[in-house]
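Sharing a structure here in structure tokens format.
Values in this text are rule-based calculations from the coordinates and carry no lab data. None of the values given here were measured: they were computed from a predicted structure. FYI the Cβ positions are ideal-geometry reconstructions off the backbone, even for glycines, and counts take in every protein chain you see.
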Amino acid sequence: MSVEWGVGEEWREAVGRGDLVLLDGFHALKHALRFGAEVRIAVADDPGAVRALAAELAPDVEAEVARLVRPAELKGLLPRVHPTGVAALAVRPDRAAGLAALGRLPRPAPVVVLDNPRNLGNVGAVVRLAAGFGATGVVTRGDLDPWHPNVVRAGAGLHYATTVERVTLDGLPPGPLYALDPEGEDIRALTLPDDALLAFGSERHGISPELRARADHLVSLPMRPQVSSYNLATSVAMTLFHWGGPAAGEEGGEHS
């Protein structure tokens, strides 16, 4: 019991510092470790079960998981316990380094721009897509924090596999801006360059007038008449697939 109390106090002190990212669940921990996150502490109701999960689903990080995970009663540390029964705290990547990476030309892949997104889960899904397609990064405009714990949870820890930052309109990375808009040119007639900024508005309001005015190209996705919109993540997936083509996924997906 004293061991659990000590770990719990260590966790609370770390959370109180405010400079660490919550990795909620095994998959978030797994991906963060795979992509070089500095994990400071990991806790689990049943460390043995988490080690077994790592051996089954992620043997490449099994040793790191076994070294990190320590016993603690999660319901006393978290508002909601993930079904996999594990959580961790990791260092957030350096903002200056992230912005420098986004601004470096030429880029090998586009940057996804989310214009005033509202839904935390949708933003996390977009981060997961960007990581899967190898996009250079995801930037958001507006009040939403793209490193909110619910966004990281929905992104399964793949914030560490790409660059994720919040920027102002004037702080957008360089590159031609392609804004998704129903009045734009059909995406099937276009070739999207690697250094493109691919901008997506909210499902309700679309691209903001100020970002629309900055766009070099307006682009539309094919859609059946009388269908109002696609989900944000679906729109991003369609656009990134068009950019990368079938070769983007030729190595196959990772399902664990």
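Quote the relative contact order of the chain in percent (integer), defining contacts as alpha-carbon pairs under 8 Å separated by 6+ residues.
So the answer I get is 20 percent.
What's the exposure ranking of TYR230, TYR160, going from fewest to most Cβ atoms within 10 Å?
The order, fewest Cβ neighbours first, is TYR230, TYR160.
While we're on this one: Using Cβ counts within 10 Å as a stand-in for footprinting exposure, how do VAL127, VAL152, VAL61 rank, fewest first?
So the residues, fewest neighbours to most, are VAL61, VAL152, VAL127.
If you restrict to DSSP beta bridges whose two residues both lie in the chain, what percentage is antiparallel, to the nearest 5?
Rounded to the nearest five, the antiparallel share is 30 percent.
Students often get this wrong: which residues of the range 162-185 have the backbone nitrogen under 11 Å from the point 7 angstrom along Cα-to-C-beta of ARG224?
Hits in the range 162-185 for ARG224 at 11 Å: none.
Once the range 1-57 is represented by equal point scatterers at the alpha-carbon sites, with solvent omitted, what log10 I(q)/I(0) does the Debye formula produce at q = 0.19 Å⁻¹?
Each listed q corresponds, in turn, to -0.79.
With a Förster radius of 41 Å, plug the Cβ-Cβ distance of LEU169 and GLU10 into 1/(1 + (r/R0)^6) and report the FRET value to the nearest 0.05.
With a Förster radius of 41 Å, E is 0.50.
Give, rounded to the nearest 20 debye, the magnitude of the charge dipole that the range 2-91 has about its Cα centre when Lys and Arg contribute +1 at Cβ and Asp and Glu contribute -1 at Cβ.
Computed about the Cα centre, the dipole is about 140 debye.
What whole-number volume per residue, in cubic angstrom, does the convex hull of the C-alpha atoms of the range 1-136 give?
Hull volume normalised by residue count: 131 Å³.
D for the chain, whole µm²/s, Stokes-Einstein with Kirkwood Rh over alpha-carbon pairs at 10 °C and 1.306 mPa s: what number?
For the chosen part, D equals 82 µm²/s.
Once the dipole of the chain is set up with Lys and Arg at +1 and Asp and Glu at -1 on Cβ about the Cα centre, which of ALA100, PRO209, VAL86 lies farthest towards its positive end?
The Cα lying farthest towards the positive end belongs to PRO209.
Okay, next question. Using a Gaussian network for the chain with springs between C-alpha atoms less than 10 Å apart, which of these wobbles most: ASP60, ASP216, ASP94?
With Cα springs under 10 Å in the chain, the top fluctuation among ASP60, ASP216, ASP94 is at ASP94.
Roughly how many debye, to the nearest 20, is the charge dipole of the range 95-249 about its Cα centre, given +1 on each Lys and Arg Cβ, -1 on each Asp and Glu Cβ, and no other charges?
So the dipole magnitude of the range 95-249 works out to roughly 400 debye.
I would also like to ask the following. Quick one: putting +1 on the C-beta of Lys and Arg, -1 on the C-beta of Asp and Glu, what dipole do you get for the range 1-152 around its Cα centre, in Debye to the nearest 20?
540
For LYS30, LYS75, what ranking results if the residue with the fewest other Cβ atoms within 10 Å of its Cβ goes first?
With the fewest neighbours first, LYS30, LYS75 line up as LYS75, LYS30.
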